[in-house]
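Here is the structure we will look at, set down as structure tokens.
The values are calculated or read from the model by the stated rules, or taken from the named source; none is laboratory data. Given the structure is predicted, the values throughout are model-derived calculations rather than measurements. Here the Cβ positions follow ideal geometry from the backbone for every residue, glycine too, while neighbour counts run over all protein chains shown. Note: accessible area is taken over every heavy atom of the protein model, side chains too, but ligands, DNA and RNA are not part of it. Shrake-Rupley method; radii C 1.70, N 1.55, O 1.52, S 1.80 Å.
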Amino acid sequence: MSKKKIIIDCDPGYDDAVALLLAGGSPDIEILGITTVAGNQSLEKVTKNALRIATLIGLDHVPVAAGACRPLLRPAVKVANYIHGESGLDGTTLPQTDRRIDPRHAAQFIVDTIMSEAPKTVTLVPIGPLTNIALAARLEPRIVERVKEIVLMGGGYHIGNVAPMAEFNIENDPEAAHIVFEEKWPITMVGLDLTYQALATGKVKERVSKIGTPVGQFLNDVLLHFSETYKRSKGLTEPPVHDPCAVAYVIDPSVIETRKAPIHVEYQGQYTSGMTVADLRRAAPADCHTQVAVKLDHEKFWTLIEQATQRLANRYEQSF
Ligand code: BDR
Ligand code: CA
């Protein structure tokens, strides 16, 4: 079976790091590129983190392209230093790297890659604010037809996290999210309703602590510090590990149950800016191009992450 080709647009970030580990260690995935966007931390910091994670997990051949340093209209991203720390990955150890980033803007990289691959073969996996994806759609509208699908982490149909009804990635750039959701490409929205089922429970952390390799140790540190900051800021000892849920769905759609529903982004509301409004009142119309993630198979999900980490550990050891 041929591998599924993806571009990951990210802002690492603890859970973004887990998403990269999962994709990098999956035999079913070919990562065509990693693009970065300001979100959990500044563009400079998340790009540095992406390069260093790529080095740790043996993705030296995968291009890393930096994108938007701020939202389309709004002044600046509200970074999540209260969760991910000043570096974006506080408390973890990553190898230094002298790798260069791709000279192209992330949006240009996304356009070039989708246009040069066969139609309907590339999946976009955005797990940060949607600024780069919106820019890419405006830069080259033909990518909308050409892409296979978008599987994104963001939004939710029930609750928010940074505001009563808004999730961090969407709330940071609602205008970009509006552009992305209004284009007619197939979108799976893996939102908070789903990711709050992807808890790093005590049992999960115990399993990870036993991997005992450099990549396993990195994952262990990520989960430990993510748990500590979630406890401090939200009172949760078992944090929801959001971003790898989107990658898991690409690897194996049976991990997540979905439901078709029209989704629109509120970008003007006084109290609801950044809300993803999913209409679940009735069966979606036949031409509906969006769906929401509803239910996670927790055991299958964490097994995928554990197995990917094991594979990467072997690869890492062979290269040193
Ligand atoms: C999302 O916000 C970020 O802090 C995480 O990396 C994730 O992408 C969850 O709301
Ligand atoms: Ca993220």
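State the answer as a single residue: which of G91, Q310, S116 lies farthest towards the positive end of the charge dipole of the chain, with beta carbon charges of +1 for Lys and Arg and -1 for Asp and Glu, about the Cα centre.
Q310
Roughly how many percent of the accessible protein surface of region 168-236 is carbon and sulfur, given a 1.4 Å probe and a whole-percent answer?
Looking at region 168-236 in its full context, I get 55 percent from C and S.
Straight-line reach from K260: which lysines fall under 24 Å, measuring Cα to Cα and dropping same-chain residues less than 8 apart?
Hits, sequence-local ones excluded: K4, K5, K120, K148, K184, K295, K300.
What's the local net charge at F109, with K and R +1, D and E -1, over the other residues with C-beta under 13 Å away?
With Lys, Arg at +1 and Asp, Glu at -1, the neighbours total -4.
Compute the length gained on full extension between R232 and Q268: take 0.36 nm times their separation in residues and subtract their Cα-Cα distance, giving the result in nm to one decimal.
Stretched out fully, the R232 to Q268 stretch lengthens by 9.8 nm.
Where the convex hull is taken over the Cα atoms of region 231-320, what is its projected area averaged over directions, in nm²?
10.0
Can you tell me which of 23-30, 139-146, 94-101 comes out highest on packing, and rank the rest after it, using the mean Cβ neighbours within 10 Å?
23-30, 139-146, 94-101
In angstroms, what radius of gyration and Dmax does the chain have, counting Cα atoms only?
That works out to 17.9, 56 Å for Rg and Dmax.
Could you order peptides 154-160, 47-53, 70-76, 5-11 by the average number of other Cβ atoms within 10 Å of their residues, highest first?
Packing proxy ranking, top to bottom: 5-11, 47-53, 154-160, 70-76.
Taking just the alpha carbons, could you work out the radius of gyration and Dmax for region 54-147, both in angstroms?
Using the Cα atoms of region 54-147, the pair Rg, Dmax is 15.4, 42 Å.
Can you give me the P(r) profile for region 20-72? Cα pairs, bins 10 angstrom wide beginning at 0, each as a whole percent.
Result, from short to long distances: 26, 50, 22, 2 percent.
Can you give the Kirkwood hydrodynamic radius of region 109-166 from its Cα pairs, in Å with one decimal?
Result for region 109-166, one decimal place: 12.6 Å.
Got a number for carbon plus sulfur as a percent of region 4-143's accessible area, 1.4 Å probe?
That share works out to 55 percent.
With every protein chain kept in the model, how would you rank H289, H298, H84 by accessible area, 1.4 Å probe, largest at the top? Before the final figure, lay out each step's value.
Values: H289 35, H298 60, H84 10 Å².
Sorted by accessible area, descending: H298, H289, H84.
Using a 1.4 angstrom probe, figure out how much accessible area the chain has per residue, in square angstrom, rounded to the nearest whole.
Working: 13090 Å² over 320 residues.
That works out to 41 Å² for each residue.
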